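To start, the structure under review is shown below, and the notes come after it.
The values are calculated or read from the model by the stated rules, or taken from the named source; none is laboratory data. Keep in mind that what you see is a predicted model, and the values were worked out from it rather than measured. We place every Cβ from the backbone using ideal geometry, glycine too, and count neighbours over all the protein chains shown.
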């Protein structure tokens with residue numbers, strides 16, 4: 001018997017079990033089954049990782065990869081939905097007019113002034129245009145708080161309020177119409193308006209007598225404080241009179257959740273529906 005054959009024969013020899021002891025178990029097959037299971041799990045994990053990576057690569061053009069892209073996508077969604085709201089509102093108004101005609105009810109025809117105030121129609125005319133901007137980075141000083149070098153929402157609100165008080169008949173902020181439900185909100189140095197985001201400079205356009213509007217700005221103490229800071233800290237401030245501007249109609253939802261008109265206030269003065277509501281006493285028209 002050769003050495004190799006002797007070795008193989010010796011390997012196959014089984015030692016008899018001693019009394020009271022269980023036969024020795026062979027561990028090698030169990031180890032092999034465990035190795036196969038681990039290898040299978042690792043293989044499936046690798047396959048799953050590959051599939052997910054390929055799916056992510058395929059969806060790269062459809063999903064935003066950073067905050068800027070997400071903001072642009074949401075702004076586009078808001079603009080699209082606003083257009084759909086305008087279309088549906090026009091359909092509702094048309095159907096309401098048809099129902100009123102069939103029922104013999106007089107139609108409600110708001111005056112041009114009411115339509116302008118509500119922002120439901122575009123307007124044009126003489127105007128004052130105000131532009132506000134953050135201080136340039138190259139003129140900023142270390143001894144000045146950075147918060148003082150950007151335009152805040154209260155700065156924009158102060159200018160808008162002064163313009164309304166000065167006789168503005170219609171107003172626009174950036175490329176949107178300002179209405180009674182418009183809320184000016186700043187997030188950092190970015191303006192959020194009607195679901196859309198804008199970076200400075202911020203442009204406010206007020207339709208009205210430019211001289212009266214300019215005088216209203218100059219007499220407002222809060223606006224004067226901003227102008228003083230603009231001179232000292234480099235904030236942007238530019239006021240320009242325009243002989244002709246155009247403001248678009250408001251686009252978006254106008255439904256109110258919490259606000260309602262008091263029972264003794266005419267919604268559209270002079271209309272039959274408003275006259276009837278104004279003449280009704282407390283409790284006669286379902287007062288809230």
Legend entry - Of residues in segment 177-199 being more than 26 Å from residue 211 (Cβ to Cβ) and buried (at least 18 other Cβ atoms within 10 Å of the Cβ), the one nearest to the chain's Cα centre (by Cα): 196
Inset, instruction - Being in contact (Cβ under 8 Å) with a residue 40 or more places away in the chain and either within 16 Å of the chain's Cα centre (by Cα) or within 25 Å of residue 215 (Cβ to Cβ) (or both) is the filter here, so list the residues in segment 138-153 that pass it. - result: 151
Inset, instruction - Name every residue in segment 233-262 that is free of Cβ contacts under 8 Å to residues at least 24 places away in the same chain and exposed (fewer than 11 other Cβ atoms within 10 Å of the Cβ), in order of residue number. - result: 255, 257, 258, 259, 262
Inset, instruction - Kindly indicate whether residue 127 is touching a helix residue (DSSP H, G or I) at 6+ places or on another chain (Cβ under 9 Å), assigned to a helix (DSSP H, G or I) and at pLDDT 80 or above. - result: no
Inset, instruction - Looking only at segment 127-137, count how many residues are crowded, with 16+ Cβ neighbours inside 10 Å and under 17 Å from residue 204 (Cβ atoms). - result: 7
Inset, instruction - Taking residue 224 as the residue in question, decide whether it is surrounded by fewer than 18 Cβ atoms within 10 Å (Cβ to Cβ) and closer than 24 Å to residue 258 by Cβ. - result: no
Legend entry - Which listed residue, of 124, 120, is surrounded by fewer than 19 Cβ atoms within 10 Å (Cβ to Cβ) and more than 24 Å from residue 241 (Cβ to Cβ): 120
